[in-house]
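The values are calculated or read from the model by the stated rules, or taken from the named source; none is laboratory data. All values reported here derive from a predicted model rather than from experimental measurement. Cβ placement follows ideal geometry from the backbone for every residue including glycine, while neighbour counts extend to all protein chains displayed.
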Amino acid sequence: MIQATTSDDTYEIYAVKYGRHERKAAENYIGGDPHDGMEPIDYFVWAIVGPGGPFIVDTGFDEKMAQKRKRQLGKPIGEGLKAIGIDADKVENVIVSHLHYDHTGNYDLFPNARYHLQDMEMGYATGHHMCHAHLRLPFEEEDVVAMVRKVFAGRVAFHDGADEIAPGISVHKIGGHSKGLQCVRVKTRRGYVVVASDTIHLYNHIEQGRVFPITFHVGEVLDGYETIKKLAASKNHIIPGHDPQVLDRYPAAKPGLEGWVARLDADPK
Ligand SMILES: [Zn+2]
Ligand SMILES: [Zn+2]
């Protein structure tokens, strides 16, 4: 039974897919994978809709970046948001989980938004660790510079650890995959849902205790899985950041949006 959202701290959540990368399963795990098959990843942004909203989580990448990084781009993010009634021009709050290229591009899409970021992620992406090519790999210089410009324009709200963004919405620094990576916990009609972003790339990672190869700190990744289990109402309330199964497990936001926009505050199928 679906109840109407009436409380002032309860939100709807949508996953909007905008890209895909076909790859072998071995590429998704430290230590590889015994299966030789393919295990593609999808790219998403998320919309949290309710009182004081919408809040957008992450900003994806654009066509130019898709070509540079050899990723398939689906429908543009602005179009996905429009399909669920969100006008990007009017969005006032964007939560950036971390500064990797697939989470912080399209930086002119939300001209009126304030960006919520962990203090540590900004320091990481602009500090001494970026002297190492290995750690720089998932970052794009122009993305980081764009965020620096927003800092100087007074458009970034910094958070340090766990913090409330609005009643019913909080961010939690997990680190691990990127030093200042944060997830987002949202109160919904079915309890607390965690939009994990890259704290969990695929269901396999948290279910099997495995780790994605791009990692700043393995111990923080694994501790993060335990933190997230405590933050979420159940394991069915945890949304991995790149798993194509999300679009199978959750119903489409409305007819016609199958395989594109899913509703995450609905019970999984
Ligand atoms: Zn990442
Ligand atoms: Zn990512």
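Per-residue answers, yes or no, for (1) in contact with a Lys or Arg (Cβ under 6 Å, 6 or more places away or on another chain); (2) closer than 19 Å to THR59 by Cα; (3) at pLDDT 95 or above; (4) not in a strand (DSSP E or B):
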{"site": "LEU117", "(1), (2), (3), (4)": "no, yes, yes, no"}
{"site": "GLY123", "(1), (2), (3), (4)": "no, no, yes, yes"}
{"site": "PHE139", "(1), (2), (3), (4)": "no, yes, yes, yes"}
{"site": "VAL144", "(1), (2), (3), (4)": "no, yes, yes, yes"}
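Residues in the stretch 47-75 that are among the hydrophobic types (A, V, I, L, M, F, W, C), over 15 Å from TYR14 (Cα atoms) and in contact with a Pro (Cβ under 9 Å, 6 or more places away or on another chain): how many?
Within the stretch 47-75, residues that are among the hydrophobic types (A, V, I, L, M, F, W, C), over 15 Å from TYR14 (Cα atoms) and in contact with a Pro (Cβ under 9 Å, 6 or more places away or on another chain) number 0.
If you scan the stretch 180-196, which residues turn out to be hydroxyl-bearing (Ser, Thr, Tyr) and either crowded, with 20+ Cβ neighbours inside 10 Å or assigned to a loop (DSSP other than H, G, I, E, B) (or both)?
THR188
Considering only residues that are more than 16 Å from ligand 2 (Cβ to nearest atom), part of a helix (DSSP H, G or I) and either aromatic (Phe, Trp, Tyr) or exposed (fewer than 13 other Cβ atoms within 10 Å of the Cβ) (or both), which ones fall in the stretch 57-105?
Matches in the stretch 57-105: GLU63, LYS64, GLN67, ASP89, LYS90.
Just to be sure I understand, how many residues within the stretch 197-217 are away from ligand 1 (no atom under 16 Å from the Cβ) and either small (Gly, Ala, Ser) or buried (at least 24 other Cβ atoms within 10 Å of the Cβ) (or both)?
1
Yes/no matrix, rows are residues, columns are (1) assigned to a strand (DSSP E or B); (2) closer than 27 Å to MET120 by Cβ; (3) of a type in the set (Gly, Ala, Ser):
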residue	(1), (2), (3)
VAL171	yes, yes, no
GLU207	no, no, no
PHE216	no, yes, no
LEU222	no, yes, no
THR227	no, yes, no
LYS230	no, yes, no
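Restricting to the stretch 78-100, count the residues that are within 28 Å of SER7 (Cβ to Cβ) and touching a strand residue (DSSP E or B) at 6+ places or on another chain (Cβ under 9 Å).
Matching residues across the stretch 78-100 total 14.
Kindly evaluate LYS254 against the criterion of being part of a helix (DSSP H, G or I) and more than 16 Å from TYR43 (Cβ to Cβ).
no
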